[in-house]
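Asker: A single structure is presented below for examination.
Bear in mind that the values in this text are calculations on the coordinates, not laboratory data. Worth saying up front: this structure is predicted, and the values here are computed from it rather than measured. Cβ coordinates were reconstructed from backbone atoms using ideal geometry, including for glycine residues, and neighbour counts include every protein chain displayed.
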Amino acid sequence: MDVLRLQFSELRVPLKMTFRHASADRTHGESLWVEASRGGLRGYGEGCPRPYVTGETRDSVRAWLGARAAQITAECGSLGDVRAWTVAHEEEIDGSPSAWCGVEMALLDLFAQELANSVEGLLGLKPPGGPHRYSAVLGNDERWKTRFLIDQYCILGLTDFKVKLGGDLAVDQQKIADIAELAGVHGVEGWRVRVDANNLWAYEPGAALGYLKALDAPLFGIEEPVAPRDVETQSAISAELGVPIILDESLCTMADLERYDDLPGSYIANLKVSRVGGVLRALRLVDAINERGWPLIVGAHVGETSVLTRAAMLVAAQADDLAAQEGAFGSRLIEREPVTPSLRWGRGGRLDLSRLYAEVTPEGLQVTPPDAWGRGWGTTGRAPHASWPEREKVAVQTMSDGYDVHYRLWGPEQGDDVVVVLHGGMSHSLWQRPLAEAICAQSDFAVFAPDRRGCGLNQGRGDLGSADRCIVDVEENLRYLAERYQRVHLAGWCQGAQFAAVAAQHLQDEDWLASLLLVTPGLFWNARFRSVMDMTERVVQHMLTHFDLGPDRDESFVPVPLQATDFTLAPEGLDFIDADDLKTTQLTLKSVVVIDEVQERSWEAILGVRLPIFAVTATGDRIVDNEKVRAWIAPVLAQAPTSHLVEVETGHAVQFERADELATEMVAFIRSCRATA
């Protein structure tokens, strides 16, 4: 009999914009990711622990699962088992609802797939369909950003607005006035507004009513103005204003719902699947809400992935009076989802699973037919990539000007051969870990990878200083290593190849510098990337002039116009890049000039290199102009019998896709250089 397995990991996905409300600012979505597997099938689930919602943290969720994972695996082998476990362990689930939500969702997905059915079919509900209609959400931001968002929402035909209150009356009034103005400009009719205070007056509930009266706006609901479950104040506000109170954090369990029975005022339930402890508990609450005749909003946490969006659609379909739906931002907000397709609303905020669903992805247009939703959640998931194990030494070399350059060292600290790998423009030394590990596994070589000035662990992120200083740093790195190893092999990946070429040309007469290795060398950018870079520089310069801005010369603000998919389409590489907090995303204005200057120097320098050269180009490179690179270095490769070029079928970041193969080629080349020396 096949064994049921559960696997847990933390999912941290970058958002395309910062989202601010009264309880938190979010630049990333943070979730618990659960994979349930049996007999070759895998189901996926998600939970969103939020300290300000349920009191859960990543640590508390980890502890909850650690104490119960074995029991859940042993006792929850079928839908009936899950139903029974949910009832028997109700109080435990109340203590960590998002943890159980992730587990339950993964199990439901798995069980439905085993029956070749949708989760709806598994639960005896009507098939997935629609249309579902989603709300626009406005956080607490500068007015120009808020107006820009309203413009976008109106152009896309959304009519339902959820406005986060920030506590500044004039600002909050202006948001609602801006909606009215811009809806008129765009001809949007039938728009409506609800506000969400995110418990803004939790510690001074008496101030809430006066503020909301002063807001003087036509609202169809007021969400969580005071502390969760402050039923008396919530009731008084609703009765006084004649506006329903929307219950979010106040409504997590059946007991919470019962608190509002027979109270003055009116109420709208806002259910989030993660917050209430999964699909089965949410369905039970929906039945009770329907019995009370309450309207229902099915909500979403900021940064939820499409797995929770899909589960929320199931729950929303069971409401007798669905007032609104939240979420389904998908790839509009999330940089890269852990599942495909990415569910996102379209024109008018609509998302309809009964029709063909199309989305543009880095791989091209993807079309999902309606019958795809008939197996589990209908999404194809993947386990988030776990960090590559850290086995290197991280240390500092102080440069001649006193600047500390961090580096990573794999292998022996002294010996015969060391490979120095210089990283690219947006990256840093950690990006070379897969390659370094592979080289060390196949040889007795050491691998040394420094962070460039202004990159990675070094100070002054985005400030490269000067072209001369960056090149001197490389040369000082090499001289430092020459005291510890007999032979130094200098490798450069992407932009690092430019620095490597210049340094190699300067130092090639030193008897310890043995070879030059160029990995997808950024000697020439392709037309697409060059155009993007030029456009970015022009836009920045135009904005500086137009808005009469005077940034400090050491201030990093020019965006690096690269995204993860420019480097690779390998899931583990994309996961790593998305989660990398050390990557360089902005540069100083002078550093833009430094980058261009070093590239131009590298063209002449590489032609003067007499060392044996190994070069790699990638067929799927979205950054480098391979034809120009091959043509430019061909005369140099012809000078030494061991020099040669290979082409691999990968993206630009070969080390994320073919690290072992690349290491094999590099090790063989270095050994051939030693044999002919």
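Asker: Based on other C-beta atoms within 10 Å, arrange F529, F499, F547 from fewest to most.
Answerer: F547, F529, F499
Asker: In angstroms, what radius of gyration and Dmax does segment 5-122 have, counting Cα atoms only?
Answerer: So, for segment 5-122, Rg and Dmax equal 15.1, 46 Å respectively.
Asker: Once you order the gyration tensor axes a ≥ b ≥ c over the Cα atoms, which shape class does segment 435-505 get: rounded for a/c under 1.5, otherwise prolate or oblate by comparing a/b with b/c?
Answerer: It is prolate, given that a/c is not under 1.5 and a/b is the larger ratio.
Asker: Still on this model: Distance between Cα centroids, segment 422-448 to segment 151-173: provide it in whole Å.
Answerer: Here the two parts' Cα centres lie 48 Å apart.
Asker: Here is a further query. How many angstrom lie between the C-alpha centres of segment 341-402 and segment 239-295?
Answerer: What the calculation gives is 33 Å, centre to centre.
Asker: With n ≥ 4 as the cut-off for DSSP H runs, can you work out [θ] at 222 nm for the chain, using -39500 (n - 2.57) per run divided by the number of residues, rounded to the nearest 500?
Answerer: Computed ellipticity for the chain at 222 nm equals -12000 deg cm²/dmol.
Asker: Give, rounded to the nearest 20 debye, the magnitude of the charge dipole that the chain has about its Cα centre when Lys and Arg contribute +1 at Cβ and Asp and Glu contribute -1 at Cβ.
Answerer: Its charge dipole is roughly 1000 debye.
Asker: Moving on. So what's segment 352-429 giving for Cα Rg divided by 2.2 N^0.38 Å, two decimals?
Answerer: 2.06
Asker: Taking 2.2 N^0.38 Å as the expected size of a compact globular protein, what ratio does the Cα radius of gyration of segment 169-273 give against it, to two decimals?
Answerer: Ratio of Cα Rg to 2.2 N^0.38 Å: 1.13.
Asker: Under 25 °C and 0.890 mPa s, how fast does the chain diffuse according to Stokes-Einstein, given a Kirkwood radius computed over C-alpha pairs? Answer in µm²/s, whole number.
Answerer: Diffusion coefficient, whole number: 88 µm²/s.
Asker: If you wrap a convex hull around the Cα atoms of segment 384-424, how much volume per residue is inside, in Å³?
Answerer: Numbers: hull volume 5.2 nm³, N = 41.
So the per-residue hull volume is 128 Å³.
Asker: Relative to the Cα centre, what is the charge dipole magnitude of segment 5-122, using +1 at the beta carbon of each Lys and Arg, -1 at the beta carbon of each Asp and Glu, and rounding to the nearest 20 debye?
Answerer: My answer is approximately 480 debye.
Asker: Also, quick follow-up: Using a ≥ b ≥ c from the Cα gyration tensor of segment 318-400 (square roots of the eigenvalues), is it rounded, prolate or oblate, where a/c under 1.5 gives rounded and otherwise the larger of a/b and b/c decides, a/b for prolate?
Answerer: Values: a/c = 2.69, a/b = 2.39, b/c = 1.12.
Prolate, since a/c reaches 1.5 and a/b exceeds b/c.
Asker: Would you kindly calculate the translational diffusion coefficient of segment 103-236, applying Stokes-Einstein with the Kirkwood radius from alpha carbon pairs, for 10 °C and a viscosity of 1.306 mPa s, and quote it in µm² s⁻¹ without decimals? Mind dumping the intermediate values first?
Answerer: Values: Rh = 17.4 Å.
Rounded, D is 91 µm²/s.
Asker: Another question, if that's okay. In the P(r) worked out for segment 342-474, what percent of Cα pairs fall beyond 25 Å?
Answerer: 51
Asker: Starting at 0 and stepping by 10 Å, how many percent of the alpha carbon pairs of segment 194-380 end up in each bin?
Answerer: All Cα pairs, binned at 10 Å, distribute as 9, 34, 30, 19, 8, 1 percent.
Asker: In addition: Against the longest alpha carbon principal axis of the chain, how many degrees, from 0 to 90 and to the nearest 10, is the axis of helix 279-292 turned?
Answerer: With both axes taken from Cα atoms, the answer is about 30 degrees.
Asker: Right, another one. Report the GluC sites (Glu not before Pro) located in segment 292-363 that are in a DSSP loop and have at most 13 other Cβ atoms inside 10 Å of their Cβ, or state none.
Answerer: E363
Asker: May I ask for the percentage of alpha-carbon pairs in segment 544-587 that lie more than 14 Å from each other?
Answerer: On the way: 579 of 946 pairs.
Tail of the P(r) past 14 Å holds 61 percent of the pairs.
Asker: Please label the shape of segment 586-677 as rounded, prolate or oblate, based on the square roots a ≥ b ≥ c of the eigenvalues of the alpha-carbon gyration tensor (a/c under 1.5 means rounded; beyond that, a/b larger than b/c means prolate, else oblate).
Answerer: oblate
Asker: Under a point-charge model restricted to the Cβ atoms of Lys and Arg (+1) and Asp and Glu (-1), what is the dipole moment magnitude of segment 94-192 relative to its Cα centre, in debye to the nearest 20?
Answerer: Values: 9 positive and 14 negative charges, 53 e Å.
For this selection, approximately 260 debye.
Asker: How far is helix 527-546 tilted, in degrees, relative to the longest principal axis of the Cα atoms in the chain, given as a value from 0 to 90 rounded to the nearest 10?
Answerer: Here the helix axis deviates by roughly 70 degrees.
Asker: Report the Cα centroid-to-centroid distance between segment 509-525 and segment 630-677 in angstrom, as an integer.
Answerer: 10
Asker: Restricting attention to segment 522-573, which trypsin sites (Lys or Arg not before Pro) occupy a DSSP loop and are surrounded by at most 12 other Cβ atoms within 10 Å? Don't skip to the end; give the middle numbers.
Answerer: Working: sites: R528, R530, R538, R553; in loops: R553.
Those satisfying the criteria are R553.
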